[in-house]
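The values are calculated or read from the model by the stated rules, or taken from the named source; none is laboratory data. This structure is a prediction, so every number in the text was calculated from the model and none was measured. Heads up, the Cβs are rebuilt from the backbone with ideal geometry, glycines too, and the neighbour counts pull from every protein chain shown. The protein model used for the area step is the full one, side chains on, heavy atoms only, and it has no ligands, DNA or RNA in it. Shrake-Rupley method; radii C 1.70, N 1.55, O 1.52, S 1.80 Å.
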Amino acid sequence: MNGITSALERAGLLTIEQREHWRMAWLSTVDHKRIGILYMVTALVFFVVGGIEALLIRLQLAVPNSTFLHPDTYNMLFTMHGTTMIFLVAMPVLFGLANYFVPLQIGARDMAFPRLNAFSFWLVPFGGILLHFSFLAGGAPNVGWFAYAPLSETPYSSQLGVDYWALALLVLGIGSVGASINFIVTVLSMRAPNMTLRRLPLFSWMIFVNSFLVILALPVLNAGLVMLLIDRRLDTHFFLPSGGGSAILWQHIFWAFGHPEVYIVAIPAFGILSEIIPVFSRKPIFGYEFVAGSTVAIAFLSLLVWAHHMFTVGLGHTIDLFFVASSMLIAIPTGVKVLAWSATMIGGRIRLQTPMLFCVAALVQFLFAGLTGVSHAVAALDWQTKNSYFLVAHFHFVFVGLIVFAILGALHYWFPKMSGRMLSERIGKWTFWLMFIGFNMTFIIQHFLGLAGMPRRIYTYADLPGWGWMNMVSTVGAFFMGAAALLLVWNLAASLLRGKIAGDNPWNAWTLEWATTSPPPHENFHELPPIRSRRPLWDIANPDRPDPMVGTKWKAEISAPEKNTSSVIAFIISETGFFGVLILAYLFFHAYPQPGPGAQDLNLLKTGIFSLSLFASSFTIWRSEVSQHKGNHRAMVGWLAATILLGSIFIIGQGLEYWGLFQSGVTVSSNLFTTTFFTLTGFHGLHVCVGLIVLLIVLGLALAGDFKQGRSPALKAVGLYWHFVDAVWVVVFSAVYLLPHLQ
């Protein structure tokens with residue numbers, strides 16, 4: 001144990017005072033650098049788990065008619081491998097890199113909300129443990145990482161594995177949204193003086209844009225997971241066709257999240273390439289504005305392409321044509337990035353050290369992945385290859401060929417800054433070549449397997465011509481990748497203990513993280529250098545030929561909004577997606593009349609009365625904000641108390657409505673109307689209750705005199721949330737109570 005603490009101390013990851021309590025120092029930390037490392041260590045643990053699952057899968061498929069694994073065991077490993085690698089490896093390691101380096105790159109001392117940062121991290125191991133506990137609770141989920149309905153419904157998957165899968169993903173989704181809100185607010189509100197938005201390093205810019213994509217996409221999945229859990233635990237039928245539900249609705253919900261998820265992990269990888277390629281080409285990146293702008297275009301278009309995963313469903317020619325066009329369109333901004341990286345290298349003084357090797361390979365492999373990906377935008381071709389190993393190969397060329405290679409490049413690039421030690425270049429190059437050869441052995445040949453007709457999602461296959469030897473080659477390649485992973489772990493551990501001292505800027509890079517010590521001190525910087533361009537360290541080293549000054553044209557890119565208000569706005573954006581799915585599900589199921597309880601059983605008059613109290617509470621909280629602005633503390637407290645009273649009346653009224661329905665025999669499982677009604681209004685009521693709790697806390701602080709010293713942003717932030725809750729009820733009340741009476 002002394003060896004561990006000594007290594008951590010030498011690497012600057014543990015102070016002398018903390019050596020006696022090093023476990024608690026890390027478990028209780030709110031420092032963004034330590035939290036970033038915890039993210040990455042957690043991802044490394046699950047990378048080993050997911051890698052073992054992958055090797056077992058490939059061993060089963062190495063030869064035809066294999067009986068190495070039982071079919072159910074194979075399906076469990078298949079499900080757990082995909083879920084683990086996406087939610088417990090790719091996302092956490094990228095969030096870890098962002099946690100560590102975004103504050104450094106923008107010249108901030110820490111993240112905007114350190115405690116939220118720690119909370120978001122701890123949800124990752126909790127979600128991972130919850131997911132893998134399913135092995136001990138009757139069996140892991142065996143429905144695929146996509147959990148298509150009705151296979152994931154209780155009549156077809158009665159074991160608890162699917163419930164643990166859904167709960168784990170809910171936990172991980174909440175953590176991801178919390179982290180992304182923190183990134184957005186940190187970039188907007190915590191930048192150093194003169195670090196304008198147009199001077200941001202591209203990695204930080206892409207994390208900023210990507211965070212918006214997370215808060216738009218993850219709540220969609222969270223809503224679907226909630227509906228699936230309600231189906232399984234309360235005997236409802238959102239996705240069960242035999243009960244009137246729709247299995248296709250689950251596909252829409254899942255892929256409305258699922259395809260943006262590809263870019264949620266790809267955009268940070270783009271940021272990594274945009275940092276490393278210029279440094280090792282000794283040139284500024286070509287077309288910074290186009291690279292930054294194309295990121296926004298990719299994030300927007302990624303929300304509009306989900307149904308190209310559903311061409312084989314039969315949605316109709318008009319819908320298929322729309323998604324064909326949007327899927328092809330997204331290739332344009334992606335191509336802009338490839339051209340920019342290539343142009344950066346042309347004419348540069350390229351240094352093919354390990355970080356650059358991984359990034360060049362990622363670029364080439366991503367180009368190949370893009371070419372095969374565009375083929376899936378052609379609906380007729382997609383019909384032939386969608387359910388074959390051709391798609392498996394394409395998917396892994398994106399997730400491994402681009403994302404994993406970019407992550408490995410980032411680890412070799414930034415490890416000196418995190419530890420103060422250099423990774424071994426010799427072992428690093430061995431790692432690269434083993435990974436590069438193994439990856440291409442494994443997945444290039446799977447394109448040909450798919451074109452030869454081998455279907456995906458099967459646990460074994462017949463001894464058809466060519467299938468056996470091609471699968472064997474793929475399996476051998478997977479073990480090459482396993483060897484590369486072992487070398488990587490050895491390199492990390494050995495270099496942390498006795499690696500060469502790195503110095504502050506071993507790569508002669510240009511962004512702010514290289515302006516501080518390696519590793520950085522607790523406060524990140526003793527002193528910030530002048531910031532007048534996108535490469536402040538270049539300007540210092542070359543005062544006779546500095547970069548042109550940029551990023552002072554618009555006030556919006558210079559100003560820093562108040563962080564509490566910004567965080568609530570970001571949270572509202574995320575919850576809009578959550579409620580949007582629930583509202584659309586209600587409208588979808590009630591486009592046509594159904595037998596059983598319906599809107600006619602609701603009391604419009606009584607609900608209208610207690611709804612008026614909620615609508616009036618928006619006025620009272622606004623008056624409370626006005627009173628605070630004017631310095632009238634007594635009036636502020638009075639209006640705040642009135643808001644709490646009106647909100648409580650609404651909740652009591654909703655509770656009485658529920659009680660009356662239960663007394664008449666109407667329950668959540670009576671039919672699809674009651675299922676959607678109780679789900680939609682119940683989650684809205686939950687949000688009102690949360691708002692009331694926060695308002696009571698603010699009222700208690702106000703009565704204690706905390707707001708007498710001056711204006712506090714807390715009331716404005718809570719007010720925004722409360723107005724959102726009221727606005728959601730306007731839509732819900734109109735759709736559920738008013739619309740049926742107008743038809």
Are there any pairs, at least 6 apart or on different chains, whose C-beta atoms fall under 8 Å, with the first in the range 544-564 and at pLDDT below 65 and the second assigned to a loop (DSSP other than H, G, I, E, B) and open to solvent by less than 90 Å² (accessible area, probe 1.4 Å), and if so, which? GLU557/THR196; GLU557/GLY551
Would you check which residues across the range 60-77 are part of a helix (DSSP H, G or I) and surrounded by 18 or more Cβ atoms within 10 Å (Cβ to Cβ) and list them? GLN60, TYR74, ASN75, MET76, LEU77
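Out of the range 203-220, which residues are more than 11 Å from the chain's Cα centre (by Cα) and either among the small types (Gly, Ala, Ser) or open to solvent by less than 10 Å² (accessible area, probe 1.4 Å) (or both)?
Across the range 203-220, the qualifying residues are PHE203, SER204, MET206.
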Close pairs (7 angstrom Cβ cut-off, 6 or more residues apart or separate chains): in contact (Cβ under 8 Å) with a residue 12 or more places away in the chain in the range 472-483, open to solvent by 20 Å² or more (accessible area, probe 1.4 Å) and not in a helix (DSSP H, G or I) anywhere: MET472/VAL63
Can you pull out the residues in the range 506-544 that are part of a loop (DSSP other than H, G, I, E, B), open to solvent by 60 Å² or more (accessible area, probe 1.4 Å) and farther than 16 Å from VAL102 by Cα? ASN508, HIS526, GLU527, PRO530, ARG532, PRO543, ASP544
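From the list ALA147, ALA108, ALA90, which one is open to solvent by less than 20 Å² (accessible area, probe 1.4 Å), closer than 30 Å to TRP510 by Cα and in a loop (DSSP other than H, G, I, E, B)? Before you say what the answer is, go through the steps one by one.
Working: ALA147 fails: closer than 30 Å to TRP510 by Cα; ALA90 fails: in a loop (DSSP other than H, G, I, E, B).
Going through ALA147, ALA108, ALA90 in turn, the sole match is ALA108.
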Regarding VAL637, is this residue part of a helix (DSSP H, G or I) and crowded, with 20+ Cβ neighbours inside 10 Å? no
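Is at least one residue of the range 721-728 surrounded by fewer than 18 Cβ atoms within 10 Å (Cβ to Cβ), touching a residue at least 60 places away in the same chain (Cβ under 8 Å) and part of a helix (DSSP H, G or I)?
The first filter runs over the range 721-728 and keeps only residues surrounded by fewer than 18 Cβ atoms within 10 Å (Cβ to Cβ), leaving 723, 727.
From what's left, touching a residue at least 60 places away in the same chain (Cβ under 8 Å): 723.
Filter once more, so that each one left must be part of a helix (DSSP H, G or I): 723.
Yes, there is a match, as at least one residue in the range 721-728 is surrounded by fewer than 18 Cβ atoms within 10 Å (Cβ to Cβ), touching a residue at least 60 places away in the same chain (Cβ under 8 Å) and part of a helix (DSSP H, G or I).
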On the basis of being of a type outside the set (A, V, I, L, M, F, W, C), at pLDDT 95 or above and open to solvent by 10 Å² or more (accessible area, probe 1.4 Å), does HIS252 make the cut? yes
Among the listed residues ARG233, ARG282, which satisfies the condition of being modelled with pLDDT of 95 or more, open to solvent by 10 Å² or more (accessible area, probe 1.4 Å) and closer than 26 Å to SER176 by Cβ? ARG233
Do you know which residues across the range 644-673 are of a type in the set (Ser, Thr, Tyr), at pLDDT 95 or above and out of contact with any helix residue (DSSP H, G or I) (no Cβ under 7 Å at 6 or more places or on another chain)? TYR658
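What about SER274, is it of a type in the set (Ser, Thr, Tyr) and surrounded by fewer than 19 Cβ atoms within 10 Å (Cβ to Cβ)?
Numbers: of a type in the set (Ser, Thr, Tyr): yes; surrounded by fewer than 19 Cβ atoms within 10 Å (Cβ to Cβ): no.
Considered against the rule, which asks whether it is of a type in the set (Ser, Thr, Tyr) and surrounded by fewer than 19 Cβ atoms within 10 Å (Cβ to Cβ), SER274 comes out as no.
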Would a scan of the range 295-314 turn up a residue that is at pLDDT 95 or above, more than 20 Å from the chain's Cα centre (by Cα) and not in a loop (DSSP other than H, G, I, E, B)? no
Filtering the range 458-505 down to residues that are open to solvent by 80 Å² or more (accessible area, probe 1.4 Å), closer than 27 Å to TYR389 by Cβ and not in a helix (DSSP H, G or I) yields TYR459, ASP463, PRO465
Show the residue pairs meeting these rules: Cβ distance below 6 Å; 6+ apart or different chains; first residue within the range 643-669 and without any contact (Cβ under 8 Å) to a residue 24 or more places away in the chain and within 14 Å of ASP726 (Cα to Cα); second residue part of a helix (DSSP H, G or I) and among the hydroxyl-bearing types (Ser, Thr, Tyr). none
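Going by the conditions given, is ALA54 at pLDDT 95 or above, more than 28 Å from the chain's Cα centre (by Cα) and surrounded by 16 or more Cβ atoms within 10 Å (Cβ to Cβ)?
Values: at pLDDT 95 or above: yes; more than 28 Å from the chain's Cα centre (by Cα): no; surrounded by 16 or more Cβ atoms within 10 Å (Cβ to Cβ): yes.
No.
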Selection over the range 577-623 where residues are free of Cβ contacts under 8 Å to residues at least 40 places away in the same chain and open to solvent by 70 Å² or more (accessible area, probe 1.4 Å) yields a count of 6
